[in-house]
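**Student:** Here it is: the structure, laid out below.
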Amino acid sequence: MLSLVLPEVSSQWGVFPLHCRKVLYLYFVLKLFFFPASIDARELRFSRSMIFAIEEINNRTDLLPSIKLGYQIYDSCASVPVAVHVAFQLTNGHDLMFYKGVNCSPSGVVMATVGESGSTPSISMSQILASFNIPQVSHYATCACLSDKHLYPNFFRTIPSDQFQADALAKLVKYFGWTWIGAVNSDSDYGNSGMASFLNVALREGICVEYLESFFRTDPSRKIQRVANAIRRSTAMVIVAFIASGDMRVLLEELAQDPPPSRQWIGSESWVTDTFMVKYSFCAGAIGVAIPQSVIPGLSDFLLDLSPSEVAASPLLSEFWEDAFNCSLRKSENTFLRLENPYTETSQLRVTNMVYKAAYAIAHAFHNALCQEKNVTTKCDKLLKLNAKQIYSELKKVNFSQNGYHVSFDANGEPVAAYEVVNWQVTESGSTEVVTVGYYDATLPMGQQFHINRKITWMQGRSQVPVSVCSESCPPGTRKVLQKGKPICCYNCIPCPDGEISNITDSPDCYPCPREFWSNAKKDACLPKPVEFLSFKEILSIILAAFSVSGASLAIITAVVFFRHRTTPIVRANNSELSFLLLFSLTLCFLCSLTFIGAPSEWSCMLRHTAFGITFVLCISCVLGKTIVVLMAFKATLPGHNVMKWFGPPQQRLTVVSFTFIQVIICTVWLVVSPPFPVKNLSTYKEKILLECALGSAVGFWAVLGYIGLLAVFCFVLAVLARKLPDNFNEAKLITFSMLIFCSVWITFIPAYVSSPGKFTVAVEIFAILASSFGLILCIFAPKCFIILFQPEKNTKKHVMNKN
């Protein structure tokens, strides 16, 4: 049989899931059983768009001139078994006649295929078509698995891979600060692969998933209910739905029976732009990524401007007409212009443009294989016999623009990834429409990929971005501690311990401050540690200084009183020279306590300890000299004893100088070998720095104290021995009491000094100096001054010698 038609290459076969029906495939009898289902208006629009593109190509003079493209459209029913059945039909062909002549190619030979819309059917088809090198260009199969050229070498697509979509969705979630989400996906290659890609990116972005549910529209109703109940019970305010459009309808129908609490839906391209879905009001405010909108001139008229007679010529359009208008076509006076459903929705052509691009991509592959540019004219070889492998090779190289939209494929058969960010917004009339609010370009640098240029309406019409976190962000000054058995987004905020800070939100750890710094009250910054020492501005220092000056003044006043009454028996009987020297040394003892107050320096550290040691030895030496004088004086009154000549004033001076000189030598050796020095004590208090004087040589310090103690004990023993000597004004009794106080103070001082912290160590030392000094001056000089000033009648030689 000869074909007398125009030269034609029957090249494009379209496969679309025009019916979403359940299919039972019996492998043993090789027969398909179909269950009734309504036609999918959106998929019908896709198939009609392919027809429009082919007719537009056939009418062009610059693309495949004088060559007509043929097509056939198959319904896969959104079913893998049916898609496989169609794939075998495509590879087998349908023509039962023989072709003769050179101007006709057999119309049943398939050169390329547009479709399928779903990823799982596309996978099944690609595995069959690849065996025959038949290229497959999908407009809507987005599964990232199809990018594997080892498994699917013949597969191309005009829509970006789900890997890009998943990446965009995860970054969209992160962009708005959501870290606690629910996730639902189709239990198919599209949903499982897309959700796996999304979760991988989400994990890197620090996003946690409260629950993960998957289902397929043909699953038992109890499984759909389980998914719906998981959404209703969830605490996550955001739900990421990587679901095919047909599956999403089933889920929303189930949720509509008992609408869940308000949730922010994040949708994949498959359903978020499906205008059929916007009727579910509880999803208002949903956002997602979508294929950019496009304009295809003439397509709207092609789809809508159909008369009943034109519809009647197509069984598919007839079925759709009667289903849409619920009446017989022969009795209908309606037109598609009155219809409002996904087929007539041409204001936002997104995936439709992908079908349009797919048809043109195949046409350009044919053009490159058959035609050549000669002298500004295009000539095509109508007699060239093509095979599918040639078309496959040319498809990899196509690079053109149509209606301002660029079409090319990378090494994986992928286009450049770019999306619009869309939002379901309620209009003033109360209807919901899909509005473009921003863009996402995967080719831009990180952080610049999103661009939101329009106000977003969130769930329940809110204007503020909803919050969806398992735990509120930990403010600076705290650290995150994970809750046992929960994801990393669920944590408690624990305040940083003293001396550690965290200066960022959601810090995983607290970091210690440098040694000379300490954390502030909020634990979000390190401040220099306050420096502490016994300052003159402190109340304790003022009190001690007041006592010190008062003691020195008392010693000076006592000296003045003694000097004015130096000729009286009381003064003369008690060795006035040693008394004045003792008062001088007590004045120095009182005043040396002032060197312990103030910020330590090298000179003050050396001065305070040496001055203290020398003045106290001078003081004790004087007291010791007075005690010896009392003992020697008593011995001198006994018959046959004349010891006073051995302990007169020169010997008394020599004794005081000798004892004091020994202490001077000890202090000198201490200062030369290892003198005291100022130091910053960072260990006693963690939150502040103590400025104190380190002893340098502890042996030197305790040698100074030990020598003072040795003299004090020796003096105390001698005073005890002389306490009962018969004399009204026996100084031995007064010295005994004074040395008892002195020794008690310094014995108590040792444990108090060792255990007192920081500046109180210095205060204890000052207190011991003042207490022992006051003990000496009050016990030795107060009774005498009282008699001199208030009982002058007792200040007589007779009374002193106890002859009354």
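**Student:** Working only within the stretch 263-282, note down all residues that are of a type in the set (Ser, Thr, Tyr) and either surrounded by fewer than 20 Cβ atoms within 10 Å (Cβ to Cβ) or free of Cβ contacts under 8 Å to residues at least 60 places away in the same chain (or both). Write out each step before concluding.
**Tutor:** Pass one, the stretch 263-282, residues of a type in the set (Ser, Thr, Tyr): 268, 270, 273, 275, 280-281.
Matches in the stretch 263-282: THR275, TYR280, SER281.
**Student:** Select from the stretch 632-667 the residues that are among the polar types (S, T, N, Q) and either buried (at least 16 other Cβ atoms within 10 Å of the Cβ) or modelled with pLDDT of 70 or more (or both) and list them in ascending order.
**Tutor:** If the condition is that a residue be among the polar types (S, T, N, Q) and either buried (at least 16 other Cβ atoms within 10 Å of the Cβ) or modelled with pLDDT of 70 or more (or both), then GLN651, GLN652, THR655, SER658, THR660, GLN663 are the ones that fit.
**Student:** I'd like the residue in the stretch 494-508 that is in contact with a Lys or Arg (Cβ under 7 Å, 6 or more places away or on another chain) and closer than 26 Å to TYR175 by Cβ and, out of all such residues, is surrounded by the fewest Cβ atoms within 10 Å (Cβ to Cβ).
**Tutor:** Among them, the one singled out is PRO508.
**Student:** With respect to ARG222, is the statement that it is more than 21 Å from ARG263 (Cα to Cα) and either of a type in the set (Asp, Glu) or surrounded by fewer than 19 Cβ atoms within 10 Å (Cβ to Cβ) (or both) true? Give the derivation first.
**Tutor:** Details: more than 21 Å from ARG263 (Cα to Cα): yes; either of a type in the set (Asp, Glu) or surrounded by fewer than 19 Cβ atoms within 10 Å (Cβ to Cβ) (or both): yes.
Taking the combined requirement at face value, the residue satisfies it.
**Student:** If ASP323 passes every condition in (1) assigned to a helix (DSSP H, G or I); (2) in contact with a helix residue (DSSP H, G or I) (Cβ under 7 Å, 6 or more places away or on another chain) but one, which one does it miss?
**Tutor:** Unmet for ASP323, out of (1) assigned to a helix (DSSP H, G or I); (2) in contact with a helix residue (DSSP H, G or I) (Cβ under 7 Å, 6 or more places away or on another chain): (2).
**Student:** Being outside any loop (DSSP other than H, G, I, E, B), assigned by TED's automatic domain parsing to the domain that holds CYS785 and without any contact (Cβ under 8 Å) to a residue 40 or more places away in the chain is the requirement here; does ALA545 meet it?
**Tutor:** On the way: outside any loop (DSSP other than H, G, I, E, B): yes; assigned by TED's automatic domain parsing to the domain that holds CYS785: yes; without any contact (Cβ under 8 Å) to a residue 40 or more places away in the chain: no.
No, not satisfied.
**Student:** Right, something else. Go over the candidates LYS455, LYS486 one by one and state the one that is in contact (Cβ under 8 Å) with a residue 12 or more places away in the chain, exposed (fewer than 13 other Cβ atoms within 10 Å of the Cβ) and outside any strand (DSSP E or B). Walk me through how you get there before you give the answer.
**Tutor:** On the way: LYS486 fails: exposed (fewer than 13 other Cβ atoms within 10 Å of the Cβ).
So the residue among LYS455, LYS486 that is in contact (Cβ under 8 Å) with a residue 12 or more places away in the chain, exposed (fewer than 13 other Cβ atoms within 10 Å of the Cβ) and outside any strand (DSSP E or B) is LYS455.
**Student:** Something else: How many residues are surrounded by fewer than 18 Cβ atoms within 10 Å (Cβ to Cβ), assigned to a strand (DSSP E or B) and of a type outside the set (Val, Ile, Thr) when one looks only at the stretch 509-531?
**Tutor:** Within the stretch 509-531, the first condition is being surrounded by fewer than 18 Cβ atoms within 10 Å (Cβ to Cβ), and the residues that meet it are 509, 511-512, 514-517, 520-522, 524-525, 527-528, 530-531.
Restricting the remaining residues to those that are assigned to a strand (DSSP E or B) gives 511-512, 517, 527-528, 531.
Those left that are additionally of a type outside the set (Val, Ile, Thr): 511-512, 517, 527-528.
Within the stretch 509-531, residues that are surrounded by fewer than 18 Cβ atoms within 10 Å (Cβ to Cβ), assigned to a strand (DSSP E or B) and of a type outside the set (Val, Ile, Thr) number 5.
**Student:** Which members of the stretch 418-452 meet the condition of being surrounded by fewer than 18 Cβ atoms within 10 Å (Cβ to Cβ) and in a loop (DSSP other than H, G, I, E, B)?
**Tutor:** Correct list: THR427, GLU428, SER429, GLY430, SER431, ALA442, THR443, LEU444, PRO445, MET446, GLY447, GLN448.
**Student:** Of all residues being in contact with a strand residue (DSSP E or B) (Cβ under 9 Å, 6 or more places away or on another chain) and charged (D, E, K, R) in the stretch 399-458, which is nearest to HIS364 (Cα to Cα)? Just the residue, please.
**Tutor:** GLU414
**Student:** Run down LEU534, LEU607 and say which single residue is in contact with a helix residue (DSSP H, G or I) (Cβ under 9 Å, 6 or more places away or on another chain), in a helix (DSSP H, G or I) and not polar (S, T, N, Q). Spell out how you get there, then give the answer.
**Tutor:** Details: LEU534 fails: in a helix (DSSP H, G or I).
On inspection, the qualifying residue turns out to be LEU607.
**Student:** In the stretch 111-153, how many are surrounded by fewer than 21 Cβ atoms within 10 Å (Cβ to Cβ) and among the aliphatic types (A, V, I, L, M)?
**Tutor:** 3
**Student:** Just checking, how many residues over the stretch 66-93 are over 18 Å from VAL355 (Cβ atoms) and touching a Cys at 6+ places or on another chain (Cβ under 6 Å)?
**Tutor:** Within the stretch 66-93, the first condition is being over 18 Å from VAL355 (Cβ atoms), and the residues that meet it are 66-68, 77, 79-82, 84-85, 87-89, 91-93.
The next check asks that each one be touching a Cys at 6+ places or on another chain (Cβ under 6 Å); those that pass are 67.
Within the stretch 66-93, residues that are over 18 Å from VAL355 (Cβ atoms) and touching a Cys at 6+ places or on another chain (Cβ under 6 Å) number 1.
Okay, residues lined up against (1) of a type outside the set (Val, Ile, Thr); (2) in a strand (DSSP E or B); (3) out of contact with any helix residue (DSSP H, G or I) (no Cβ under 6 Å at 6 or more places or on another chain); (4) modelled with pLDDT of 80 or more:
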| position | (1), (2), (3), (4) |
| --- | --- |
| VAL29 | no, no, yes, no |
| SER47 | yes, no, yes, yes |
| ILE51 | no, no, yes, yes |
| ALA83 | yes, no, no, yes |
| THR91 | no, no, no, yes |
| CYS104 | yes, no, yes, no |
| GLY108 | yes, no, yes, no |
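**Student:** Here's a follow-up. Give me the pairs: first residue in the stretch 44-55 and under 11 Å from PHE320 (Cβ atoms), second residue of a type in the set (Lys, Arg) and assigned to a helix (DSSP H, G or I), beta-carbon distance under 8 Å, and six or more apart or on different chains, which are they?
**Tutor:** Partner pairs satisfying both residue conditions: none exist.
**Student:** In the stretch 228-267, what residues are in contact with a Cys (Cβ under 8 Å, 6 or more places away or on another chain) and of a type in the set (Val, Ile, Thr)?
**Tutor:** THR235
**Student:** Are any residues in the stretch 498-526 of a type outside the set (S, T, N, Q) and without any contact (Cβ under 8 Å) to a residue 24 or more places away in the chain, and if so, which ones? Can you show your working first?
**Tutor:** The initial filter retains those residues of the stretch 498-526 that are of a type outside the set (S, T, N, Q), namely 498-501, 504, 506, 508-518, 521-526.
GLU500, TYR511, PRO512, CYS513, PRO514, PHE517, ALA521 - these are the residues of the stretch 498-526 that are of a type outside the set (S, T, N, Q) and without any contact (Cβ under 8 Å) to a residue 24 or more places away in the chain.
The values are calculated or read from the model by the stated rules, or taken from the named source; none is laboratory data. Small disclaimer: the values here were computed from a predicted structure and weren't measured. Glycine also receives a Cβ, built like all others from the backbone with ideal geometry; neighbour counts cover every protein chain displayed.
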